[in-house]
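Some notes on the structure that comes next.
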Amino acid sequence: MGRRRKGLSEEDRALWDQVAKSIRREAPPATRPPEAGPAPPPAPQSLPDPDRPRSLIDIFRMGEKAPAQRPRHDLAPGPVERLAAQGVRMDAGQHRKMVRGRLAPEARIDLHGMTLAEAHPELIRFVLNAHSAGLRLVLVITGKGKVRDEGGPIPTRTGVLRHQVPRWLQAPPLGPVVLQVSGAHLKHGGEGAYYVYLRRTR
């Protein structure tokens, strides 16, 4: 029995080369993402720190009342408030009686319904005549004015005369003879009138 020949014959090698050319290399199998494990348990909620400043979120608590809303418009103080902030220049006792309506005005003028151009000279004439006559307390009626605010973004003041008369009374030629201007008591016109306390004549 003869020995087996080592290696491939030329015929076998040619056949093997044809088989090798017909073989396609397969792509490696796609790797699957690792399966997600169970979700971690939620972290325990810590108790609020009493030393930590309170945020806007945790200010409100169940059962509490909601904070009062701020006014829509930040208006300047009205004429009566501005006059009250100026302080008392006359005798304090007489001032208390005046604002409580216990002093009767000695004369009065009604500017209600007049325009600014009409009211200003009438007010000057009235106050200067009252001062020359030695009167001390007079009443100037302006009326409260009509509400003309149509709801726009800029609020409209009510009562042009009511806002302008105190300025006239404090400016020349009336300022030197006027000692005190104050909002009138309800029985003398309330928000629609002013007490004008005059200086003594020399």
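Here is the figure for region 109-138: residues that are without any contact (Cβ under 8 Å) to a residue 40 or more places away in the chain and in a helix (DSSP H, G or I) total 7. Condition check: at pLDDT below 95 and surrounded by 15 or more Cβ atoms within 10 Å (Cβ to Cβ). Does Lys144 satisfy that? When the stated conditions are applied, Lys144 passes them.
Taking the criterion of being of a type in the set (A, V, I, L, M, F, W, C), open to solvent by less than 60 Å² (accessible area, probe 1.4 Å) and under 34 Å from the mean Cα position of the chain (by Cα), the only residue of region 84-103 that qualifies is Val99.
Of everything listed in (1) of a type outside the set (A, V, I, L, M); (2) surrounded by 12 or more Cβ atoms within 10 Å (Cβ to Cβ); (3) within 23 Å of Thr201 (Cβ to Cβ), the single unmet condition for Pro121 is (2). Go through (1) open to solvent by 30 Å² or more (accessible area, probe 1.4 Å); (2) modelled with pLDDT under 95; (3) part of a helix (DSSP H, G or I) and name the single condition Pro176 misses. Unmet condition: (2). For region 193-202, the candidate set comprises residues that are surrounded by fewer than 18 Cβ atoms within 10 Å (Cβ to Cβ) and either at pLDDT below 95 or not basic (Lys, Arg) (or both); within that set, the residue that is farthest from Arg96 (Cα to Cα) is Arg202.
So which of Glu106, Glu81 is open to solvent by 40 Å² or more (accessible area, probe 1.4 Å), farther than 15 Å from Gln170 by Cα and touching a residue at least 12 places away in the same chain (Cβ under 8 Å)? Within the list Glu106, Glu81, the selection yields Glu106.
I'd like the full set of residues that are within 17 Å of Leu139 (Cα to Cα) and among the hydrophobic types (A, V, I, L, M, F, W, C), limited to region 85-101. Show your work before the answer.
Start the filter on region 85-101 by keeping residues that are within 17 Å of Leu139 (Cα to Cα), which leaves 90, 94-101.
Those that are within 17 Å of Leu139 (Cα to Cα) and among the hydrophobic types (A, V, I, L, M, F, W, C): Met90, Met98, Val99.
The values are calculated or read from the model by the stated rules, or taken from the named source; none is laboratory data. Remember, it's a predicted structure, so these values are computed and weren't measured experimentally. Ideal geometry is used to build each Cβ from the backbone, glycine not excepted, and the neighbour counts take in all protein chains shown. Accessible surface is based on the protein model in full, side chains and every heavy atom, while ligands, DNA and RNA are left aside. Shrake-Rupley method; radii C 1.70, N 1.55, O 1.52, S 1.80 Å.
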